[in-house]
Amino acid sequence: MTEIAFHFNAPDKQAYACRFARKAINHGARLVILAEEAQLASLSPKLWAVSPTDFLAHSRISDGAQLVSAAPIVLTSSLQDLPHHDVLVNLTRQVPESFAQFARVVEIVSSVDEMDRHDARERWKDYAARGYAIARHDLNLKG
């Protein structure tokens, strides 16, 4: 069964997604980051410039099959035609229809956007109603 984890209290969801992606890649995971097109456009440059000496290679689903299959991180607004189904980072406001094809789903929740927090509670209820156990990670408690 797919593992579901909510990471609460991210002051900047995209910055946290970059940090999470770096950590996951360093542990051998492959990620799909699901977001609206405008979010993906602003996330891509952040992945290329995680730090002055670090970047996270990634591809947009529209870059073509060869690039997408080689990329450890795939950015997409749809869960169609994906090369891998390891970890899904969901930056959208709803439960993705085909999330269960992934081994893990990570939901990143804002600390400042009240609507995002509300939508996260609804997603939590949806996953729980389907019988999924949910891990909770409060980022305020991390050092």
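Residue by residue, here is whether (1) more than 14 Å from residue 18 (Cα to Cα); (2) within 14 Å of the chain's Cα centre (by Cα); (3) among the hydrophobic types (A, V, I, L, M, F, W, C) holds:
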{"position": "93", "(1), (2), (3)": "yes, yes, no"}
{"position": "101", "(1), (2), (3)": "yes, no, no"}
{"position": "104", "(1), (2), (3)": "yes, yes, no"}
{"position": "128", "(1), (2), (3)": "yes, no, yes"}
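Is it true that residue 78 is over 16 Å from residue 2 (Cα atoms) and surrounded by 11 or more Cβ atoms within 10 Å (Cβ to Cβ)?
Values: over 16 Å from residue 2 (Cα atoms): yes; surrounded by 11 or more Cβ atoms within 10 Å (Cβ to Cβ): yes.
Yes.
Based on this model, can you work out whether residue 94 counts as without any contact (Cβ under 8 Å) to a residue 40 or more places away in the chain and either under 18 Å from residue 2 (Cα atoms) or touching an Asp or Glu at 6+ places or on another chain (Cβ under 7 Å) (or both)?
Working: without any contact (Cβ under 8 Å) to a residue 40 or more places away in the chain: yes; either under 18 Å from residue 2 (Cα atoms) or touching an Asp or Glu at 6+ places or on another chain (Cβ under 7 Å) (or both): yes.
So residue 94 passes the test.
Going by the conditions given, is residue 31 within 15 Å of the chain's Cα centre (by Cα), over 23 Å from residue 122 (Cβ atoms) and crowded, with 20+ Cβ neighbours inside 10 Å?
On the way: within 15 Å of the chain's Cα centre (by Cα): yes; over 23 Å from residue 122 (Cβ atoms): yes; crowded, with 20+ Cβ neighbours inside 10 Å: yes.
Judged against the criteria, residue 31 is a match.
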(request) Determine if the stretch 81-89 includes at least one residue that is aliphatic (A, V, I, L, M) and either farther than 21 Å from residue 8 by Cα or loosely packed, with under 15 Cβ neighbours inside 10 Å (or both). (result) yes
(request) Give just the number: which of (1) farther than 16 Å from residue 137 by Cβ; (2) touching a His at 6+ places or on another chain (Cβ under 8 Å); (3) buried (at least 20 other Cβ atoms within 10 Å of the Cβ) does residue 44 not satisfy? (result) (3)
(request) Please indicate, with yes or no, whether at least one residue in the stretch 113-126 is at negative phi and in a loop (DSSP other than H, G, I, E, B). (result) yes
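Pull up the stretch 50-84, narrow it to residues that are of a type outside the set (A, V, I, L, M, F, W, C) and within 12 Å of the chain's Cα centre (by Cα), then point me to the one that is farthest from residue 121 (Cα to Cα). Talk me through it step by step, then tell me what you get.
Going through the stretch 50-84, the residues of a type outside the set (A, V, I, L, M, F, W, C) turn out to be 51-54, 58-60, 62-64, 66, 69, 72, 76-78, 80-81, 83-84.
Filter once more, keeping what is within 12 Å of the chain's Cα centre (by Cα): 76-77.
Working: 76: 23, 77: 22 Å.
Among them, the one singled out is 76.
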(message) Please go through the stretch 1-53 and give me each residue that is of a type in the set (S, T, N, Q) and in a strand (DSSP E or B), ordered by number.
(response) 9, 51
(message) Among the residues that make up the stretch 58-72, is at least one of them touching a residue at least 24 places away in the same chain (Cβ under 8 Å), assigned to a loop (DSSP other than H, G, I, E, B) and surrounded by fewer than 17 Cβ atoms within 10 Å (Cβ to Cβ)?
(response) no
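A short reminder: the numbers here are calculations on the coordinates, not readings from a lab. Just so you know, these numbers come straight off a predicted model, no measurement behind them. Neighbour counts are summed over all protein chains in view; Cβ atoms, including those assigned to glycine, are modelled from backbone coordinates with ideal geometry.
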